[in-house]
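Data first, discussion second: the structure below is written as structure tokens.
The values are calculated or read from the model by the stated rules, or taken from the named source; none is laboratory data. Quick caveat, the model's predicted, so the values are computed rather than measured. Cβ placement follows ideal geometry from the backbone for every residue including glycine, while neighbour counts extend to all protein chains displayed.
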Amino acid sequence: MGLERSVEDQVAEFYYKAKITRGVADRTLRTWFTKGIKAPDLTKCAEVSEMYLLYLPFWRFIAQGKAIACGYSEYTEQTGNVIRNIFEELIDEEFIWTECACDTGKYGIEKLWLDPGGEIPYIRGSVVSMEPGGSAIEASRRGREAVHDLIQNAAEKRIDILTLNKSFLIPKVFELVYAPVWIAHYQYKGASFTAIVDGVKGDVLGGSSPINLTARTRMMILSLAIGGILIGSSVAMLIHTGPYQLAEMFQIILLLLGIAMCMAGYPAFKEGKTFVASGTMQHISSLRPAVRVPKQLTDHEILNHGSTILQCPFCGEEVNQPWGEVISPCKKCSHLLDITADTVKVVPYDVAKPDLLSKVAMEGVKADFIPFWRFDVDFEVTDKLAGGDTTTGLPEIDGKRSYYICAADIPRYLAEPWEIDMTIRNPEIVEVITGHEGNYLPILINQNTARELTEFLYLRYETEKPGILQVLRYNFTVENSRIVYIPYYKEQGSHIPGI
Amino acid sequence: MAEIPEGIPAPLQCSGVIAPQIDEARAREIVREWLESDTKPFIPDDRIRFGKAVMLYYPFWKYSREDGGTDVTVYRPACGTLLSGLQNLQRDGSETILVPDDANILPATIYSSVYYPELHGIARAEELIGIPLWLISYKVKNSIYMVEVDAESGMIYEEWHPIKEPVNWRKTAMIASIPVMILSLIAVYFSAWLFLLVAALLIFFLYQSEMLGVINLKRKEGKDGA
């Protein structure tokens, strides 16, 4: 349990600084009183008993979503012709998932309304904040699942029948973000209400207020009176047509319409509330401040925790699990370690020697050693179908070859061309046994994510070829994997490969 | 207990708590009396079902200050809360005791310095104490509500509560629909001009909607005529 707890405590915490003062929040609230179907004398009669600044915690998971979806949609023309549109969708976007980490009960604030940017590190106890509840690990899992669904939905949006559908998720950030809100408790004719004002933008986020009963009564009278007129007129016409020569069907429709208006209008306005509110008040027990509860461990995990101290397999140095997908070097022996909650795996690595040409050309410039995952892969394509003109001069990258995935914090738009280039070229790498002087970038993508990126790299390459890909079936086997540090020289903002 | 990882400050501990004077039965009684009183626009006819009652000690910073020659004591919550009535808590001469072993005390998460900018006077002392509150839930129809009772003074801090509907919706619906229905029927039989009467009636109903709908705003008379 101790290990899990310490991992949970390592989640990065940030907060947005409040930009709205109490006076502005109060003015926003007074303006809100005059909007919507609230009691008309609310501005005059409401008395604000408390108004205070509070920071609400939110889990935020940011991931790069990658997906390939191929398929078609069909529709039938009036002439009976069936038109088939074929699609090839490529998704490569950033997805953000947020969830309130405390219970805001009746106020119904579930998601963070602020975009990333402008946050500063959060120091516990330095501001009045709600305590985040639940487990960070569980929240991270929920975020991952939700983003997966978002990616799938984005990819499948236009396609009715899917013939190829692959999606991948590259986690970027998982953090706890605190957003400031002004909480206003106010009284109106003996009843208590609450409103929440955004402390950054100054909008009212939620809350409750007395409703305009006159408007509600009038709406009910109007709907029932119109219903009554329709029923009365249509019944009279059905019994005796008089001067109105309307088709019987039309009269019946009028009658049914009248009945429907009465039946819908009465419950709609009767069941309405005397107050308007966002959210519900279902979780009464959790209204008290939340307490951080670490993830509930399974029996298997408890057994492993009880008997396993995480150690470097080479030197025996005790290691701690870092938060996120980080491969960290052992402090004692410098071996690269992939540390999870239960296991420590050694990651083999090589350092590529800069070639002679680059050494001469970049003399005096220190190389940046950028880590790449190198997967020796066997890509066996069993079935492939593409529509349109598929003539291409691009080389095939299926079969047995090494795939390279950048593992450092390099923007993907820069890293992807390097990956494609090295995967196509499969350069000869001369390893440095004793290491090489230079700046070694940290590894921020673990093996599982890199493996997914490998598959996506192939799929992306195939979709970028001419024609519209429809079917692609393959066997993907990873035979070997390791980290390769490849030297790059920085010159005028661009990177020049040293191999 | 697991070791506190480096970089995480040690939790704040209450030096004492205010002794609770009210037990669960009395707290429930206070809430019942409050709910059944006619001073608030509640729903007196609906059945109120009481749920769980939990006594929690909320951590508060107690600041003792000397302001303009007088001693002032200010309480501010030491944990984030959405409950109402806790921001400007007032209390005089409360007896403070040691934290009981079985006390259900919420963790303090706010440093005392957070409130310094809003305090006045010369600082004399400050301490972290627990203030006992009974949180009692109750259900009206299908909605759950909660009320807080100060376990020392018996004071009620009202939260979200049911609000009485001052409109007789059935009566409003009958008045709005039946006359116009009959008039429309007659208008079709006899003369379309009668529809003008229907329209006039509808306008009258809309204009007088408060008379039709909001008709039982009068408070009920108590047994003693109060």
| Which listed residue, of A:46, A:63, is more than 27 Å from residue B:146 (Cα to Cα) and small (Gly, Ala, Ser) | A:63
| query | Within the group A:190, A:207, which residue is touching a helix residue (DSSP H, G or I) at 6+ places or on another chain (Cβ under 8 Å) and not hydrophobic (A, V, I, L, M, F, W, C)? | reply | A:207
| field | Positions within the range A:140-162 being more than 12 Å from the chain's Cα centre (by Cα) and surrounded by 19 or more Cβ atoms within 10 Å (Cβ to Cβ), in sequence order | value | A:155, A:159
| query | Of all residues in the range A:16-43 being modelled with pLDDT of 90 or more, of a type in the set (A, V, I, L, M, F, W, C) and not in a helix (DSSP H, G or I), which is farthest from the chain's Cα centre (by Cα)? | reply | A:20
| Test: residue B:177 is on the phi < 0 side of the Ramachandran plot, within 7 Å of another protein chain (Cβ to nearest Cβ) and free of Cβ contacts under 8 Å to residues at least 60 places away in the same chain | yes
| Of all residues in the range A:190-244 being polar (S, T, N, Q) and either within 18 Å of residue B:204 (Cβ to Cβ) or more than 8 Å from chain B (Cβ to nearest Cβ) (or both), which is surrounded by the fewest Cβ atoms within 10 Å (Cβ to Cβ)? | A:241
| note | Counting only residues that are surrounded by fewer than 17 Cβ atoms within 10 Å (Cβ to Cβ), of a type in the set (D, E, K, R) and in a loop (DSSP other than H, G, I, E, B), the range A:92-114 contains a total of 2
| note | Checked B:126, B:148, B:152 against criteria (assigned by TED's automatic domain parsing to the domain that holds residue B:32, acidic (Asp, Glu) and touching a helix residue (DSSP H, G or I) at 6+ places or on another chain (Cβ under 9 Å)); the one match is B:126
| query | Can you spot a residue in the range A:115-129 that is touching a Leu at 6+ places or on another chain (Cβ under 6 Å) and either part of a loop (DSSP other than H, G, I, E, B) or without any contact (Cβ under 8 Å) to a residue 40 or more places away in the chain (or both)? | reply | yes
| task | Give the residue that is surrounded by the fewest Cβ atoms within 10 Å (Cβ to Cβ), with candidates limited to residues of the range B:147-174 that are more than 7 Å from chain A (Cβ to nearest Cβ) and hydroxyl-bearing (Ser, Thr, Tyr). | result | B:153
| query | Which residue out of A:378, A:368, A:338 is under 30 Å from residue A:71 (Cβ atoms), at pLDDT 80 or above, touching a strand residue (DSSP E or B) at 6+ places or on another chain (Cβ under 8 Å) and not hydrophobic (A, V, I, L, M, F, W, C)? | reply | A:378
| Which numbered condition trips up residue A:194, out of (1) of a type in the set (Val, Ile, Thr); (2) modelled with pLDDT under 85; (3) within 30 Å of residue B:179 (Cα to Cα)? | (3)
| Does the range B:110-127 contain any residue that is in contact with a Phe, Trp or Tyr (Cβ under 6 Å, 6 or more places away or on another chain), modelled with pLDDT of 85 or more and either surrounded by 21 or more Cβ atoms within 10 Å (Cβ to Cβ) or of a type in the set (Ser, Thr, Tyr) (or both)? | yes
| task | Hey, could you check the range B:180-192 for residues that are at pLDDT 80 or above and surrounded by fewer than 18 Cβ atoms within 10 Å (Cβ to Cβ) and say which is nearest to residue B:20 (Cα to Cα)? | result | B:182
| request: Would you tally the residues in the range A:395-421 being in contact (Cβ under 8 Å) with a residue 12 or more places away in the chain, outside any strand (DSSP E or B) and within 11 Å of residue A:458 (Cα to Cα)? | output: 4
